[in-house]
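Scroll down for the structure; my scribbles are underneath it.
The values are calculated or read from the model by the stated rules, or taken from the named source; none is laboratory data. Bear in mind that the values here come from a model prediction, so they are computed numbers and not experimental data. For neighbour counting, all protein chains shown are included, and Cβ atoms are generated from backbone atoms with ideal geometry for every residue, glycine included. Quick note on the areas: whole protein, heavy atoms, side chains included, nothing else; ligands and nucleic acids left out. Shrake-Rupley method; radii C 1.70, N 1.55, O 1.52, S 1.80 Å.
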Amino acid sequence: MSEQQSAPEQLAAGKSQGGAGATYKVVLFEFENFQGCKAEFSAECKDVTEKGLQKVSSVIVESGPWVGYDRHGFTGEQFILEKGEYPRWDTWTNSQNSYSLLSLRPLKVDGAEHKLHLYENPSFTGRKMEIIDDDVPSLWGHGFQDRVASIKALNGTWVGYMYPGYRGRQFVFERGDFKHWNDWEAPAPQIQSVRRVRDMQWHKRGCFIVPDPAPAPDPDPAPAPPAPPATAGAS
């Protein structure tokens, strides 16, 4: 979303429907582990309850990516849904502020390159951080603060998180200028980690995969047996 256009206006302009030849398919299920009533979507939906779903508890993204919202009409908290299976609510969000998914739309990913500028103050002023073709689990770890008040998404589609390690509330940044944190519907100018949104057209592995936890260290080996007593030698 830019300063001139709101999210619904962008949708009307066709800016969120993917590149030429892009295909999208997502299946929403009423219960966890892909059980209960289901509904398939290949285009935006402003209200999933109109498709017979009273709630959404699991999701399969066959092709994407998508962004879901906890309110009707593409508003409220945002959830990135890349290609893959989401058997429970906590597999697509960990913010725990909302437990509903009521609307969703395809995300445009216009190429393999990614470039993002973060600014300390509104209107692209103050300290600046440039990120090119990389995921950043901690802005502090890269020498930048957690205050991000304006953003330029120059290439690719990105998602920012309120906390390090890709945790907390999510904010989508499609290509464009975001002059103030209100433009991405944030409650405060706080972002502490960012990553690229993937698309199978450009990234063969598909979606973002959370790294496995580090393996536990091997237990201490058994102590070596004591050395045999020295044999008394002849004088």
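Estimate the FRET efficiency between Ala112 and Cys37 by the formula 1/(1 + (r/R0)^6), using the beta-carbon distance for r and 35 Å for R0, to the nearest 0.05.
With R0 = 35 Å, the Cβ-Cβ based efficiency is 0.40.
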Can you list the residues, at least 5 places off or on another chain, whose amide H is less than 5 Å from the amide H of Cys37, using H built in the peptide plane? Glu30, Phe31
Just to make sure I understand: if all protein chains stay in place, what is the order of Thr93, Thr23 by accessible area at 1.4 Å, largest first? Thr23, Thr93
What order do Ser100, Ser150 take when sorted by accessible area (1.4 Å probe), most exposed first? Ser100, Ser150
Does the range 25-106 classify as rounded, prolate or oblate by the C-alpha gyration tensor (a ≥ b ≥ c root eigenvalues; a/c under 1.5 gives rounded; else a/b over b/c gives prolate, otherwise oblate)? rounded
Average accessible area per residue (Å²) across the range 25-106 - probe 1.4 Å, nucleic acids and ligands excluded: 44
For the range 25-106, which whole percent of the accessible surface, found with a 1.4 angstrom probe, sits on carbon and sulfur atoms? 42
Averaged per residue, what accessible area in Å² does the range 139-186 show with a 1.4 Å probe, protein chains only? 38
³J(HN,Hα) across the range 166-178 via Karplus (A = 6.51, B = -1.76, C = 1.60, θ = phi - 60°), whole Hz, x for Gly/Pro? 6, 10, x, 4, 9, 9, 8, 10, 7, 3, x, 9, 10
Would you kindly find the accessible area of Arg169, with a 1.4 Å probe and non-protein molecules such as ligands, DNA and RNA excluded, rounding to the nearest 10 Å²? 50
Could you put Glu32, Glu113 in order of accessible surface area, largest first, with the 1.4 Å probe and the full protein assembly present? Glu113, Glu32
If you take the beta carbon distance between Glu50 and Thr23 as r and set R0 to 22 Å, what does 1/(1 + (r/R0)^6) give as a FRET efficiency, to the nearest 0.05? 0.45
